[in-house]
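Below is one structure, written out as structure tokens; comments come after it.
The values are calculated or read from the model by the stated rules, or taken from the named source; none is laboratory data. Because the structure is a prediction, the values reported are computed rather than measured. Cβ placement follows ideal geometry from the backbone for every residue including glycine, while neighbour counts extend to all protein chains displayed. Ligands, DNA and RNA are stripped out before the accessible areas are found, and what is left, the full protein with its side chains, is counted by its heavy atoms. Shrake-Rupley method; radii C 1.70, N 1.55, O 1.52, S 1.80 Å.
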Amino acid sequence: FDSHLYPGGSWRLHMLRRKFGTEEFKKVIKYYVEQNKYSNVETIDLQRAFEKITGSSVDAFFDQWLYSAGYPQIEFDYSWKEDKKLLELKITQTQNIDEIQLFKFSSKIKIVLQNGNERIIDVEINEKTQTSYMYLDDKPLYASFDFQNSILKKLIIKTKPDFLKNQIKSDPEVMSRIYAIHSLQKENTIETIKFLGSQLKEENFWGVKAQI
């Protein structure tokens, strides 16, 4: 096998755990192992185990995420309109939909305000590009798409460098900081290099240091 197959399978299992919750997920895996011990299995056997234990159909999930190719490539573009107190959120799937399907899934966006308050909104992704607006009583510090890292994806954040810097400095989620770092690197300016150099000294987690 190769370095794509196992990580890809692990990601789908992670998504199922996020979808049903850790305790329910453990029940499914226990049932799956007990039912199929000493025998060969196929993907459909895992699907049947999820449906048996959870009582929910997972046809759509397996069709989209396991039996079809690829995963979504997301461009998350957000901007703040100070005069109207509006946050514009634009989500685009940039994969070639002639080769890879248009994905449909649910996600969450966390918005952290400068006054310390947080807003978490649920979003349904079902179009190539979709835009929404949100009224906020204070300027955002940053916004984080899929902040719990529940969806297999490639993510690029398009916003002002200051928002990305705020996220790199303040976001408690490791993967969210890494996505912000990758997006800020595209600026490729002396100022960006100096900022990332300073963050290399401030960052506590080795994995984020490695990405910087």
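From ASP83, ASP98, which residue is within 30 Å of SER170 (Cα to Cα), in a loop (DSSP other than H, G, I, E, B), out of contact with any Gly (no Cβ under 8 Å at 6 or more places or on another chain) and not polar (S, T, N, Q)? Give the derivation first.
Values: ASP98 fails: within 30 Å of SER170 (Cα to Cα).
None of the others qualify; the one that does is ASP83.
Is it true that LEU89 is without any contact (Cβ under 8 Å) to a residue 60 or more places away in the chain, under 17 Å from ASN126 (Cβ atoms), in contact with a strand residue (DSSP E or B) (Cβ under 8 Å, 6 or more places away or on another chain) and open to solvent by less than 70 Å² (accessible area, probe 1.4 Å)? The answer is yes for LEU89. Based on what the data block shows, is ILE74 buried (at least 16 other Cβ atoms within 10 Å of the Cβ), assigned to a helix (DSSP H, G or I), of a type in the set (A, V, I, L, M) and out of contact with any helix residue (DSSP H, G or I) (no Cβ under 7 Å at 6 or more places or on another chain)? When the stated conditions are applied, ILE74 does not pass them. Every listed requirement among (1) touching a residue at least 60 places away in the same chain (Cβ under 8 Å); (2) open to solvent by 30 Å² or more (accessible area, probe 1.4 Å); (3) charged (D, E, K, R) is met by GLU202 save one, (1). Residues in the stretch 156-187 that are farther than 18 Å from GLU88 by Cβ, within 11 Å of the chain's Cα centre (by Cα) and of a type in the set (A, V, I, L, M, F, W, C): how many? Total meeting the criteria: 1. Considering only residues in the stretch 1-23 that are part of a helix (DSSP H, G or I) and either of a type in the set (Lys, Arg) or open to solvent by 90 Å² or more (accessible area, probe 1.4 Å) (or both), the one that is nearest to ASP45 (Cα to Cα) turns out to be ARG12.
With respect to the stated conditions, LEU66 fails to be modelled with pLDDT of 95 or more, surrounded by 11 or more Cβ atoms within 10 Å (Cβ to Cβ) and within 23 Å of the chain's Cα centre (by Cα). Scanning the stretch 118-171 for residues that are touching a residue at least 12 places away in the same chain (Cβ under 8 Å), loosely packed, with under 14 Cβ neighbours inside 10 Å and outside any strand (DSSP E or B) yields ASN126, GLU127, LYS128, ASP137, ASP138, LYS139, LYS160, SER170. Applying the criterion of being in contact (Cβ under 8 Å) with a residue 12 or more places away in the chain and surrounded by fewer than 18 Cβ atoms within 10 Å (Cβ to Cβ) to the residues of the stretch 96-106, the residue that is nearest to LEU136 (Cα to Cα) is SER106.
Going by the conditions given, is TYR38 open to solvent by less than 60 Å² (accessible area, probe 1.4 Å), without any contact (Cβ under 8 Å) to a residue 40 or more places away in the chain and not hydrophobic (A, V, I, L, M, F, W, C)? Here the answer is no, as TYR38 does not meet what is asked. Residue check: ILE109 meets all listed conditions (1) out of contact with any Phe, Trp or Tyr (no Cβ under 8 Å at 6 or more places or on another chain); (2) without any contact (Cβ under 8 Å) to a residue 40 or more places away in the chain; (3) within 19 Å of ASP171 (Cβ to Cβ) but one, namely (1).
Annotation: ILE53 fulfils all but one of (1) at pLDDT 95 or above; (2) surrounded by 11 or more Cβ atoms within 10 Å (Cβ to Cβ); (3) out of contact with any helix residue (DSSP H, G or I) (no Cβ under 8 Å at 6 or more places or on another chain); (4) over 30 Å from TYR142 (Cα atoms); the unmet one is (3).
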